[in-house]
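**Student:** Sharing a structure below in structure tokens format, with a few things to ask.
The values are calculated or read from the model by the stated rules, or taken from the named source; none is laboratory data. Since we're looking at a predicted model, the values are computed, not measured. Note that we place each Cβ from the backbone using ideal geometry, even for glycine, and neighbour counts take in every protein chain shown.
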Amino acid sequence: MGDNIVRLLQPTLVDGISGTDPELRQEFLRILAKNNLTPLFQPIIDFQKRTILGYESLIRGPSDSALHSPATLFDIARREGALTELDIACKRKGIRAFNSKQLAGKLFLNTTPQGLLEPGHRNGLTLEFLREVGIAPENVVIELTEQYPMTDFSIMRNALEHYRLMGFEIAIDDLGAGYSGLTRWAELRPDYVKVDRHFIQNIHTDSVKQSFVRSIADIAKELQCHVIAEGIETQEECQALVGMGITFGQGYFFGRPQKNPICTIPDFLTQALEPTFFRKSSEPAHEDIQELLTPAPFLREYELLENAYQYFIEDELLTTVAVIDKNMRPIGLIRRNSLLATFSRQYGRSLHGAKPVENFMDTTFVTVEKSSSLEQVSNLVTNHMQSQIEADFIIVNAGKYLGLGKVMDLLKKITESQIRNARYANPLTLLPGNVPIYEFLDQLIENQNSFCIAYCDIDNFKPYNDVYGYFEGDKLIKLIAEILRDNIDSSTDFIGHVGGDDFIVVFTSNDWKLRCQCILRIFEERVPQFYTEKDQTLGGIYTQSREGVEQFYPLMTLSIGVVTPNTKRIISHHDVANMATHAKHMAKKIRGNSLYVEQRPC
């Protein structure tokens, strides 16, 4: 094969693009003639199954050559019109090495769109190489690497359709970094899309990157496409992606491209694959009502009404003056509109200006503590001030007057908070996601409110998802969300969707144990309907385990791990995280639908 490639290239090399180093051309010829290419393999991890999805085949030139780098190697091939020849050589090398090393899972084979469109491209060669070694095309993913502009998508679609008809899957590489980006995705409709490493680096601390990847995940779900996050280098990045519901990933954190890559996931990586709702964020912390505090003048009960009038005259924006007793506790309000109406009547000012304010104050007002949440104040205002949208309420500290808050400012903050929560809501269940969860926990800890946290996880969900498909799996996840919503106290408790089949419930209601037992009972009653009659009779399903061995998995059950943190001993949601995760693992050790309550002091 090498001699044939040399003969094919000779005319091209004579007329090659000016500027190409003649020595590099000859080196390129020698590499192809001797088939001096080395395939390396990098694992692609399945976050949900905690196993290896497959390996990407990556080609290197000789280690002592200027063409060791694949970028340089393929650039020379492009300049000389030899992408097809190099592409053929790389695929054959990768396929043979993958087979000889007996690697499990899917083989991701890189190819350039330009190579597929060259006149010398010959259909069916990849399938021939696979047949030589006995690999089924269903286990191979053709990965398009976009290094140069690509505009003729109609020809490319025809080429890819040829691959699909033979049983191959299709992936596109480096989404967000190439020339055509989303256009390429929309036109080619691949089975996998790889997100460029730029959007993965430090994603755990970058809300913009988080928003980008969430958007990609939402689009992928609509297109029934799998997302692979590239360039994962740290545990924090990995945990952020798992928490966001990303299914697959690769990068140096799991393994560098090697001749002999890992075949199983090491134990130290297991923790990194746990869904997490405890990551850092640049979003603001949970807001309380103190942020709406406006310092405002006040009057003693014995002061004159004329004094209140002077305050309103000096400040046109002032609508209310609080009246307090000798202990600085509010006892009423003087409202601008009411006072001006009184003084505008004939002799009104002269008759009433010298009288004490206690005779004219409004004693129907709302008082809130500075540590109250926006939601708590909103409920009070809704119940007591429905017809006074422009009214003020009094903010106190331990009952003593601090200042005023405006209803309009409250409504604005509530709206902003709802928009922020919606931004971080899980797109499948619309339940609050990671950021609202940790904000809620940190607020409870800061105020030293008593609460318990229940971590809910479905047992045998991943095998079910594999057998019945993602659509049916999504229906089950929605069922869990529905059961949780129906069995909490919505006025005090909080539900969060961590990602995948993991949920948390923060209970501040005292009857949390009965609620958990009810959740388990309803789940047990309803889960059989998600199986065929045959599988219901069998009591479960058969499918491959993480190790590739056929195994029986019983009908899905629900595990709930509960812990009651001591808010005087814990510092933040990170502490709650460790406790909740431990409780969940203990619950999953119990067979069937289970409730584990941590009894150790926390």
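**Student:** GLU524: touching a Ser or Thr at 6+ places or on another chain (Cβ under 8 Å), in a helix (DSSP H, G or I) and farther than 25 Å from LEU444 by Cα, yes or no?
**Tutor:** Spelling it out, GLU524 is indeed touching a Ser or Thr at 6+ places or on another chain (Cβ under 8 Å), in a helix (DSSP H, G or I) and farther than 25 Å from LEU444 by Cα.
**Student:** Which residues, taken from segment 39-87, are among the charged types (D, E, K, R) and at pLDDT 90 or above?
**Tutor:** The answer is ASP46, GLU56, ARG60.
**Student:** With respect to ILE228, is the statement that it is more than 22 Å from TYR438 (Cβ to Cβ) and assigned to a helix (DSSP H, G or I) true?
**Tutor:** It is false that ILE228 is more than 22 Å from TYR438 (Cβ to Cβ) and assigned to a helix (DSSP H, G or I).
**Student:** Going by the conditions given, is SER594 among the small types (Gly, Ala, Ser) and without any contact (Cβ under 8 Å) to a residue 12 or more places away in the chain?
**Tutor:** No.
**Student:** I'd like to verify a number: residues in segment 359-369 that are more than 56 Å from the chain's Cα centre (by Cα) and either farther than 29 Å from LEU293 by Cα or acidic (Asp, Glu) (or both), how many?
**Tutor:** Number satisfying all stated conditions: 0.
**Student:** State all residues of segment 245-273 that are in contact with a strand residue (DSSP E or B) (Cβ under 7 Å, 6 or more places away or on another chain) and either among the small types (Gly, Ala, Ser) or surrounded by 23 or more Cβ atoms within 10 Å (Cβ to Cβ) (or both); if no residue qualifies, say none.
**Tutor:** Selection gives GLY245, ILE246, GLY249, GLN250, GLY255.
**Student:** Which ones in segment 547-602 are part of a loop (DSSP other than H, G, I, E, B), farther than 30 Å from THR532 by Cα and under 27 Å from the mean Cα position of the chain (by Cα)?
**Tutor:** THR564, PRO565, ILE570, ILE571, SER572
**Student:** Show the residue pairs meeting these rules: Cβ distance below 8 Å; 6+ apart or different chains; first residue within segment 569-587 and under 17 Å from LEU520 (Cβ atoms); second residue among the polar types (S, T, N, Q).
**Tutor:** These pairs meet every condition: LYS584/SER559; ALA587/SER559; ALA587/SER594.
**Student:** Answer yes or no: is there a residue in segment 525-544 that is among the basic types (Lys, Arg), in contact (Cβ under 8 Å) with a residue 24 or more places away in the chain and touching a strand residue (DSSP E or B) at 6+ places or on another chain (Cβ under 6 Å). Steps first, answer last, please.
**Tutor:** Going through segment 525-544, the residues among the basic types (Lys, Arg) turn out to be 526, 534.
Now narrow it down to the ones that are in contact (Cβ under 8 Å) with a residue 24 or more places away in the chain: 526.
Checking which are touching a strand residue (DSSP E or B) at 6+ places or on another chain (Cβ under 6 Å) leaves us with none.
Within segment 525-544, none of the residues are among the basic types (Lys, Arg), in contact (Cβ under 8 Å) with a residue 24 or more places away in the chain and touching a strand residue (DSSP E or B) at 6+ places or on another chain (Cβ under 6 Å).
Rundown of residues vs (1) buried (at least 20 other Cβ atoms within 10 Å of the Cβ); (2) modelled with pLDDT of 95 or more; (3) assigned by TED's automatic domain parsing to the domain that holds PRO432; (4) aliphatic (A, V, I, L, M), yes/no style:
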{"site": "ASP489", "(1), (2), (3), (4)": "no, no, yes, no"}
{"site": "ASP502", "(1), (2), (3), (4)": "yes, no, yes, no"}
{"site": "ILE519", "(1), (2), (3), (4)": "yes, yes, yes, yes"}
{"site": "GLU525", "(1), (2), (3), (4)": "no, yes, yes, no"}
{"site": "LEU558", "(1), (2), (3), (4)": "yes, yes, yes, yes"}
{"site": "THR564", "(1), (2), (3), (4)": "no, no, yes, no"}
{"site": "ILE571", "(1), (2), (3), (4)": "no, no, yes, yes"}
{"site": "VAL576", "(1), (2), (3), (4)": "yes, no, yes, yes"}
{"site": "ALA587", "(1), (2), (3), (4)": "yes, yes, yes, yes"}
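**Student:** Can you pull out every residue in segment 295-342 that is touching a strand residue (DSSP E or B) at 6+ places or on another chain (Cβ under 8 Å) and in a loop (DSSP other than H, G, I, E, B)?
**Tutor:** First, pick out the residues of segment 295-342 that are touching a strand residue (DSSP E or B) at 6+ places or on another chain (Cβ under 8 Å): 295-305, 307-308, 311-312, 319-336, 338.
Those that are touching a strand residue (DSSP E or B) at 6+ places or on another chain (Cβ under 8 Å) and in a loop (DSSP other than H, G, I, E, B): PRO295, ALA296, PRO297, GLU301, TYR302, GLU303, THR319, ASP325, LYS326, ASN327, MET328, ARG329.
**Student:** I need the full set of residues from segment 427-446 which are at pLDDT below 80 and of a type in the set (S, T, N, Q), in order please.
**Tutor:** The answer is ASN434, and nothing else.
**Student:** For segment 207-218, which positions are crowded, with 16+ Cβ neighbours inside 10 Å and either out of contact with any Gly (no Cβ under 7 Å at 6 or more places or on another chain) or not in a helix (DSSP H, G or I) (or both)?
**Tutor:** Scanning segment 207-218 gives LYS209, GLN210, PHE212, VAL213, ARG214, ILE216.
**Student:** I've got another one for you. What's the number of the only condition in (1) closer than 28 Å to ASP46 by Cα; (2) touching a helix residue (DSSP H, G or I) at 6+ places or on another chain (Cβ under 9 Å); (3) of a type in the set (Gly, Ala, Ser); (4) without any contact (Cβ under 8 Å) to a residue 60 or more places away in the chain that SER509 fails to meet?
**Tutor:** Here SER509 clears every test but (1).
**Student:** Condition first: under 29 Å from LEU441 (Cα atoms), more than 26 Å from the chain's Cα centre (by Cα) and polar (S, T, N, Q). Can you find one or more residues in segment 476-499 that meet it?
**Tutor:** Checking segment 476-499: at least one residue is under 29 Å from LEU441 (Cα atoms), more than 26 Å from the chain's Cα centre (by Cα) and polar (S, T, N, Q).
**Student:** Go through segment 176-206 residue by residue and tally those that are of a type in the set (A, V, I, L, M) and either exposed (fewer than 15 other Cβ atoms within 10 Å of the Cβ) or at pLDDT below 85 (or both).
**Tutor:** Qualifying residue count, segment 176-206: 4.
**Student:** Just to check your reading of the model, which residue among SER373, SER344 is loosely packed, with under 15 Cβ neighbours inside 10 Å, among the polar types (S, T, N, Q) and out of contact with any helix residue (DSSP H, G or I) (no Cβ under 6 Å at 6 or more places or on another chain)?
**Tutor:** SER344
**Student:** May I pose another question? Restricting to segment 233-260, name every residue that is closer than 16 Å to GLY499 by Cβ and outside any helix (DSSP H, G or I).
**Tutor:** Residues satisfying the conditions are MET244, GLY245, ILE246, THR247, PHE248, GLY249.
**Student:** Taking into account only those residues within segment 48-79 that are more than 17 Å from ARG256 (Cβ to Cβ) and among the acidic types (Asp, Glu), which is surrounded by the fewest Cβ atoms within 10 Å (Cβ to Cβ)?
**Tutor:** Result: ASP64.
**Student:** Could you say whether any residue in segment 453-461 is touching a Cys at 6+ places or on another chain (Cβ under 7 Å), outside the structural domain of LEU53 (by TED's automatic domain parsing) and either in contact (Cβ under 8 Å) with a residue 40 or more places away in the chain or surrounded by fewer than 14 Cβ atoms within 10 Å (Cβ to Cβ) (or both)?
**Tutor:** There is at least one residue in segment 453-461 that is touching a Cys at 6+ places or on another chain (Cβ under 7 Å), outside the structural domain of LEU53 (by TED's automatic domain parsing) and either in contact (Cβ under 8 Å) with a residue 40 or more places away in the chain or surrounded by fewer than 14 Cβ atoms within 10 Å (Cβ to Cβ) (or both).
**Student:** List the number of the failed condition for THR543; all other conditions in (1) closer than 30 Å to SER450 by Cα; (2) outside any helix (DSSP H, G or I) hold.
**Tutor:** With respect to (1) closer than 30 Å to SER450 by Cα; (2) outside any helix (DSSP H, G or I), THR543 is out only on (1).
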